[in-house]
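The block underneath contains the structure these notes are about, expressed in structure tokens.
Just so you know, all these numbers are worked out from the coordinates, no wet-lab data involved. Treat the numbers as computed from the prediction; the structure is a model and nothing was measured. Note that each Cβ is placed from the backbone with ideal geometry, even for glycine, and that neighbours are counted across all protein chains shown.
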Protein chains: 2
Amino acid sequence: MRLRGVVARNLRRLRQAKGLSQEELADRADINRNYVGLLEREEHAATIDMLEKLSEVLEVEPAAFFARD
Amino acid sequence: MRLRGVVARNLRRLRQAKGLSQEELADRADINRNYVGLLEREEHAATIDMLEKLSEVLEVEPAAFFARD
């Protein structure tokens, strides 16, 4: 799925911009520690509930995950 | 979840703008016929794979589902 790739790339970029590891981001978002890795490897289709939690920790609008360069 | 409400409202608005019933949209997107109703009633957290399919039928960018008035 193409959108998975877009979300994966943006998630990694935004997470690294905050200086967070996958595990640190998951802990702060109160989600499973494996989940961030699954999304960044495009192995799982994120739900909007999860994107909302991640966006709050990363301090971005949820639409930022869909940004295409 | 607040983002569910945003997605629900946008999905309904974009679907009606195309003159499609929930069932017609589901059929065209090749997804379960109950799924659109579940999203519009905020009973299910959409996945990005589903939002991608719906966005293609509705001819909008996926970020359109996250638009806040």
(Q) Whether any residue in the range A:46-57 is more than 12 Å from chain B (Cβ to nearest Cβ) and surrounded by fewer than 18 Cβ atoms within 10 Å (Cβ to Cβ) is what I want to check. (A) no
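Can you tell me which of A:Ala46, A:Ala63 is touching a Leu at 6+ places or on another chain (Cβ under 6 Å) and closer than 19 Å to B:Thr47 by Cβ? Step through it out loud before you land on a result.
On the way: A:Ala63 fails: touching a Leu at 6+ places or on another chain (Cβ under 6 Å).
It is A:Ala46.
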Q. Which of the residues spanning the range A:59-69 are away from chain B (no Cβ under 14 Å) and surrounded by 16 or more Cβ atoms within 10 Å (Cβ to Cβ)?
A. none
Q. Restricting the first residue to the range B:1-17 and requiring it to be within 7 Å of another protein chain (Cβ to nearest Cβ) and touching a residue at least 40 places away in the same chain (Cβ under 8 Å), which pairs with a second residue that is assigned to a helix (DSSP H, G or I) and of a type in the set (A, V, I, L, M, F, W, C) meet a Cβ separation below 6 Å and a spacing of at least six or different chains?
A. B:Leu3/A:Ile48; B:Val7/A:Ile48; B:Val7/B:Phe65
**Q.** Options B:Arg41, B:Arg28: the member that is away from chain A (no Cβ under 13 Å), surrounded by 14 or more Cβ atoms within 10 Å (Cβ to Cβ) and touching a residue at least 24 places away in the same chain (Cβ under 8 Å)
**A.** B:Arg28
Q) What residue, among those in the range A:3-29 that are touching a helix residue (DSSP H, G or I) at 6+ places or on another chain (Cβ under 7 Å) and of a type in the set (D, E, K, R), is nearest to B:His44 (Cα to Cα)? A) A:Arg4
